[in-house]
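Let me begin by presenting the structure, written as structure tokens, before commenting on it.
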Amino acid sequence: MLAQGRLVMKWVKTAVLVLVVLSVVLSLLLYRSNSFQRGGELALKGLTDSVKVVRDEKGMAYIYAANSHDAFYAQGFVTAQDRLFQMELTKLFATGRISELAGEVGRETDVRMRTLGFHRNAKKHAGMLSKKTREMLQAYLDGVNEYIRDHGKSHHLEFKLAGIKPGPWTIEDSLAIMYYMGWNSAANIQTETVTQMLVEKLGIAKAREIFPLNINPDDGVHADGNQVAAAGHPQASTVRISGDAKLMEYVREFSRPLGIGSNNWTVGGGRASGKLPIVANDPHLDARMLPGPWYPSALIFPGVRAVGVNVPGVPGMVMGRNEYVAMGITNSYGDAQDLYVETIDPAKPDNYLEGGNSLPFVKITETLKIKDKKSPQGFREERIVIKLTRRGPVISGVLADLKTTRCISLRWSPFETMRSSIGIEDLIFVRSVHDVKKALGDITAIMVNFVFADVKGNIGWQTTGRIPIRSQGEGTVPYEVKGGADNWTGWIPYEKMPQAYNPATGWLGTCNHKTVKKDYPYYMSSHFSPYYRYARLKELMASVKTTTAEDHWKFQRDIKNLMAEKVAPVLARGLASFKDTEALAKLLSEWDYADDKATAAPAVFQAVYARFAYLTFKDELGAELAKTMLNNWYFWQVRFEKMVLGGKSEWFDDSTTKNRESMADIIHRAGAEILAELGRNHGSDPAGWEWGDMHRLEFVSPIMRKGALKGVLGGGSHPMDGSGETLYRALYEFNEPFYATTTASMRMVADLADSSKVLAVLPGGVCGRLFDGHTTDQIEPFMNGEKLYWWFSDELIQAHTKNTLVLKAVK
């Protein structure tokens, strides 16, 4: 028996060794099937001089060039090496060509993207660019196209798996991506649609009771917010939009904006241990798709040493630092979108009315190329017709309204405020906060908050974009066109856009909240993040006088929930009033309001509070409209908080029953439902629940987002701290709880006193290739808080060099 046991053990060890060897061999073969040249030399057409590209332990490229042209060319080349498949997917989506990859399932998305017109307007903008802007974009794209044209053997394996080939890039493609990113940082189309649907259902007076409420904590300790505009509301249209499938698809398509949130802040030298400012930034996007939306690199050439990130497909850097300045961005949610109710001329259906004037719709014909295996060519073509009014494209079907027929058009300010500069081309060269402010004045395609600081100790915050001044005061409901006068009467002057420089507090920060105070003379938006994250940031800043870069790294991972601190005691009292929900009440009563993945209370709070909100509004709105409104978190959270803290709102009564329900009754009903639902999957004792069991972050490959191979090709599912209300952001969809969809897409802390490195981590990695180790190697540090760095000094770049590639100019 002993000899037999030894024989079995020997067989097991041999089998394990064979499996290990096979695994190593398979991994090596898979890696080699999707690799590219990181070392040695390459001869490239288009360079004026040799460029050295060194890569560190993360696979990040540090580009040493003799001039700016070669630096941007090389940036395009190495970005294509790492991210060409990601770039191609983004280009196809932004230009309305995703059906070339996805077939019929992508058709409707392409129709919407063509209708919005990112590529159509990019063509117009390309013709307006200055020589400097065009040369920068073209140098970058020449590098991209060089890789596509002459290095096909090392193209991403993903292209073969997807059945497509990369096409050449144009300046119009880069501008279309810029517009696409700008569009997805906006959200007012959702707000206007929801408000109009509420008016349809409730009437304008009742609907206004639950219109958005926004608070700026800097208005004082008793800040109570104000309604969406001091001048009141414009008259809502009587048109009914909720039944229009075409318009509702636009709402669903963009119900999860790319730029749904972020944190950024800077402290001056007086509050920093190194006596120079520190800038912290963690932009919040849907970063589940590997390798993440940002591409990090360093550009080093005479007069410039910079490290940071850009959007693959667009050159330069939008977040990071150079030798003089550090900067970061968040979404400002400036309202640059409006929906218009247009009247179709009953006598001429191809015309629309502006008062007594009948004007023809402008019609644009575009051709879709849709992948089709049944077609001999492998695709079929389909022509679509896009209608435009003087305000913009028609995005609805025909809407019946009493004796007239209507339609909805869409207007967006970036298409009306194009400049010869796109702004970002100057950011890498700035040397002071004054230079940053000047450069940001040319950014009109996106409404964001930049915070920045320079080595002279100055700190600043500046909002970008162009916000229209509206004759009706604000833009929370669709505007009904009744005449030829333009309701956009001008633009908020750039010098009057929200901004601050060197405040007495010694720090500046934004968290997508309402940054303007009550005395701000212009309407900025009615769609802002609730104030909770910014209020928590203020608490953290007040708790320390002097900070290090490591302190700010910890602040970015703070999980204190200030909304819960206010509301959870109310829930606890309501749940404690009933025997069957006492256990839930106990957990909330003993909670420290930290959204810790290893504890039960955050799970109880998030689940019960969301269900409580749904039950509050379901009876008046109906299930579908309630879900539509509640899925737009920013629309209702602060308004509902005020209702809950007040405790007496008529909205708490269930209008479908004969009884008069109190707030406690509805809280109890929510708790009982959650006990039953979560109990089925997580156990009957809520004390045994863990927030991280249900609140998770899952990283997936663009090649396999679903199915059996999702876990093999992706980055796994990870328990997640935080929530939508914490600085450590982990927002989930209201209607699809609790998997996180919006988190930090990068974390960066740049200490201007440290000339050697920048704290930074990505949610995936530098590379975007299946089986490449640098596609997922930053996931664990991203999740557990381990410090990673972008190297800044030559000494540390050299010390961490793993590969060196020399790009030689072909004369």
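Tabulated data for the structure shown
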{"item": "Computed accessible area, GLU354, all protein chains, 1.4 angstrom probe, square angstrom", "result": "10 Å²"}
{"item": "Gyration tensor over alpha-carbon atoms, region 264-390, equivalent ellipsoid semi-axes in Å", "result": "48, 26, 14"}
{"item": "Area accessible to solvent at HIS682, 1.4 Å probe radius, in Å²", "result": "60 Å²"}
{"item": "Using a Förster distance of 60 Å, the FRET efficiency for GLU690-LYS363 (Cβ separation, nearest 0.05)", "result": "0.60"}
{"item": "Listed residue pairs exceeding 25 Å between alpha carbons, taken from LYS160/LYS374; LYS618/LYS706; LYS496/LYS545; LYS45/LYS438; LYS91/LYS437; LYS579/LYS642", "result": "LYS618/LYS706; LYS496/LYS545; LYS45/LYS438; LYS91/LYS437; LYS579/LYS642"}
{"item": "Net lengthening on full extension, ASP519/ALA205 (0.36 nm per residue, minus Cα-Cα)", "result": "110.5 nm"}
{"item": "For peptides 284-294, 592-602, sequence by mean Cβ density within 10 Å, most packed first", "result": "284-294, 592-602"}
{"item": "Accessible surface of region 667-726 [probe 1.4 Å, protein heavy atoms]: carbon and sulfur percent", "result": "49 percent"}
{"item": "Rounded, prolate or oblate (a/c below 1.5 giving rounded, otherwise prolate when a/b exceeds b/c) for region 569-610 by Cα gyration tensor", "result": "prolate"}
{"item": "Area of LYS482 that stays accessible when all protein chains are in place (1.4 Å probe, Å², to 10)", "result": "150 Å²"}
{"item": "Where Rh is the Kirkwood radius over Cα pairs, Rg/Rh for region 528-581", "result": "1.18"}
{"item": "Mean separation of Cα contacts under 8 Å (6+ apart) over length of the chain, as relative contact order %", "result": "19 percent"}
{"item": "Shape category assigned to region 39-93 from the gyration tensor of Cα positions, a/c cut at 1.5", "result": "oblate"}
{"item": "Set of aspartates and glutamates with alpha-carbon distance to LYS124 below 14 Å, sequence-local pairs under 8 removed", "result": "GLU172, ASP173, GLU416"}
{"item": "Inverse mean reciprocal Cα-Cα distance (Kirkwood Rh) of the chain, Å", "result": "28.1 Å"}
{"item": "Residue-normalised accessible area of the chain, given per residue in Å² at a 1.4 Å probe", "result": "39 Å²"}
{"item": "Label-point separation, SER577 to ASN67 (7 Å along Cα→Cβ), nm", "result": "7.6 nm"}
{"item": "Peptide ranges 501-513, 780-792, 645-657 listed from the most packed, as the mean C-beta count within 10 angstrom indicates", "result": "501-513, 780-792, 645-657"}
{"item": "Label-point separation, HIS434 to GLU382 (7 Å along Cα→Cβ), nm", "result": "5.7 nm"}
{"item": "Solvent-accessible ranking of ARG321, ARG680, largest area first, probe 1.4 Å", "result": "ARG680, ARG321"}
{"item": "Region 58-207: relative contact order as a whole-number percent, Cα under 8 Å and 6+ apart", "result": "30 percent"}
{"item": "Shape call, region 660-767: gyration tensor on alpha carbons, a/c limit 1.5", "result": "oblate"}
{"item": "Solvent-accessible ranking of ASP219, ASP442, largest area first, probe 1.4 Å", "result": "ASP219, ASP442"}
{"item": "CD proxy at 222 nm, helix term only [per DSSP H run n ≥ 4: -39500 (n - 2.57); per residue of the chain; nearest 500]", "result": "-10500 deg cm²/dmol"}
{"item": "Shape box of region 665-719 [Cα atoms, principal axes, largest first, Å]", "result": "47, 21, 15"}
{"item": "Average Cα contact separation per residue, region 293-347, under 8 Å, 6 or more apart, as relative contact order %", "result": "21 percent"}
{"item": "Loop-resident sites, region 157-189, for chymotrypsin sites (Phe, Trp or Tyr not before Pro), counting at most 13 other Cβ within 10 Å (DSSP)", "result": "none"}
{"item": "Full-extension gain in nm, LYS45 to SER589, via 0.36 nm per residue minus C-alpha separation", "result": "189.1 nm"}
{"item": "Two-decimal ratio, region 56-170, of alpha-carbon radius of gyration to 2.2 N^0.38 Å", "result": "1.19"}
{"item": "Label-point gap, in nm, between THR505 and SER471 - each point 7 angstrom along Cα→Cβ", "result": "3.9 nm"}
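The values are calculated or read from the model by the stated rules, or taken from the named source; none is laboratory data. Please read these numbers as outputs of a predicted model, since none were measured by experiment. Reconstructed Cβ throughout: ideal geometry from the backbone, glycine too, with neighbour counts over all protein chains shown. With ligands, DNA and RNA removed, areas are computed over all heavy atoms of the protein, side chains included. Shrake-Rupley method; radii C 1.70, N 1.55, O 1.52, S 1.80 Å.
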